[in-house]
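None of the figures in this text is laboratory data; all of them are computed from the coordinates on show. All values derive from a computational prediction rather than experimental measurement. Here the Cβ positions follow ideal geometry from the backbone for every residue, glycine too, while neighbour counts run over all protein chains shown.
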Amino acid sequence: MSDVRHVLVLPDRDAAEEVAVEVCERFGAVDEPQLVRDALSGEDDAEDAQWLVVVEDPNRRLDADALHALAGEYEGWLERP
């Protein structure tokens with residue numbers, strides 16, 4: 001059984017930081033989620049960047065639908081593999 005990595009896509013850094021905190025508080029994530037700036041293809045302007053919250057889930061205990069709902073509260077979504 002391989003590890004699972006959930007990637008939540010958020011519209012800005014503030015939303016990503018808030019979601020990272022919420023993941024830990026709501027789901028008790030073991031490892032601190034990683035924040036990654038994801039510039040849109042061909043865009044150099046920071047205003048056009050999305051932010052990713054990467055959550056490692058080695059025990060496959062996080063519910064993807066609940067993560068998607070959380071991201072939706074911040075105008076984001078969960079990337080489906």
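Some observations on this one:
- ³J(HN,Hα), Karplus 6.51/-1.76/1.60, whole Hz, each residue of the stretch 61-71, x for Gly, Pro: 10, 8, 8, 4, 5, 5, 5, 4, 5, 4, 4
- Charge sum, other residues only, whose C-beta stays under 12 Å from His68's C-beta, Lys/Arg counted +1 and Asp/Glu -1: -3
- Ranked by the mean number of other Cβ atoms within 10 Å of their residues, highest first, the peptides 32-38, 59-65, 5-11, 73-79 fall in the order 5-11, 73-79, 32-38, 59-65.
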